[in-house]
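Novice: This is the structure I have questions about; it appears just below.
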Amino acid sequence: MRPPTPTLRSRPRLAAAALAASAALLLVCLTWAGAGAGGFLFSSTPSTSTASAALRATGPDAPPAFAYWISGTGGETRRVLRLLRAVYHPRNRYLLHLDAGAGGDERAELAAAVRGEKAWGNVDVVGEGYAVDRTGSSVLAATLHGAAVLLRVARDWDWFVSLSSSDYPLVTQDDLLYAFSSVPRELNFIDHTSDLGWKEHDRFEKLIVDPSLYMDRNSEILPATEPRQMPDAFKIFTGSPWVILSRNFTEHCVHGWDNLPRTLLMYFANAAYSMESYFQTVICNSSEFRNTTVNTDLRYFVWDDPPGLEPLILDESHLDNMVNSIAAFARRFVEDAPVLTKIDEELLNHSSVCVNLSGKQGMDVDSCSKWGHINVLRPGRAGEQLRRFISEISQTRGCS
């Protein structure tokens, strides 16, 4: 006799258990980090990585370093590589992930492209794809997984930055590193609010199931039939899903020396768009970290009126506003949009050669990988503006 099929009434518990299991497996998976192409992580070239590490100055008097989690899906290898080139700096650390929408051959292609760049000794590629739905909690599990791996493979970065293949920088990495040199390294840049509005009913009283937590393919979320009460053990905050987190707070979310990160991970397993609320709720309910919160995500978006679930696609008509926004990143862009070439040339000082995947038509791509002294920053006017903005906005902290 076949066992009864689970109903939607019981599935939220299954989703919560799946997300909890995923979180528990983080540390187990980390034992595979650094394995070869057949293991968990496609690693960068060890000799290059070692040489880069020897050149990098570290400590409070040295420039900071970022750990980038860059995610994409099937058919986005070129987009991920273009974004990587645009945000690359030898001081930083990078982890690239293509979800279950991509095949193993695409991940191998991505890893081969990374290994083919002699200068990229600080870039790794997740060797296994897992299912992700960006409207559910599986994207949160993936982000925490990426953070856990970056904590394991590199001990000397200061901030965790999440990006997707639809994002692009508006300032050079020298500008960004210079701007962040002006503020304490325990600060967290998270857009947040406790004014939930319509989200209270649609996001938190309604239960959803994210099958991508326990399936091997990207799957859409499923609505449950029963509502739930708003919590009284903690206060929910929401905001932008794109964050810049300090290393200390990232460790807290991954390792959780108190029970709050795990409790909230279970709660948000059955909430839609959990990436827009998890980090906000953890930090604003933590007495240790709430006063390290700066209310900005340093992103440029354009929303429709009334706003939809995703910001509008950006094009050349938005370029002036992007430049004047004093943002570090912008989204959403389509692949090979002409505005990206303008950003490369006018804002990032990259030629079109440097964002191609290979040296086609006799182009000297190797010249794009040459760096001067990696501990000396060369900011431009945008870096000075961003530094002043970050220094000013960082004076107001907390979750009021």
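The numbers here are math on the coordinates, done by the rules we state, and not lab data. Since we're looking at a predicted model, the values are computed, not measured. Cβ: placed from backbone, ideal geometry, glycine included. Neighbour counts: every protein chain shown.
Novice: So how compact is the stretch 109-265: Cα radius of gyration and Dmax in angstrom?
Specialist: Gyration radius and largest Cα-Cα distance of the stretch 109-265: 18.0, 54 Å.
Novice: DSSP loop trypsin sites (Lys or Arg not before Pro) in the stretch 73-142 with at most 15 other Cβ atoms within 10 Å of their Cβ, which ones? Intermediate results must be reported in sequence, preceding the final value.
Specialist: Details: sites: R78, R79, R82, R85, R91, R93, R107, R115, K118, R134; in loops: R91, K118, R134.
Qualifying residues, ordered by number: K118.
Novice: How many nm is it between the label spots at V334 and W303, if each spot is 7 Å from the Cα in line with the beta carbon?
Specialist: It works out to 2.4 nm between the two label points.
Novice: What are the principal axis extents of the Cα atoms in the stretch 213-312, in Å, biggest first?
Specialist: 35, 34, 31
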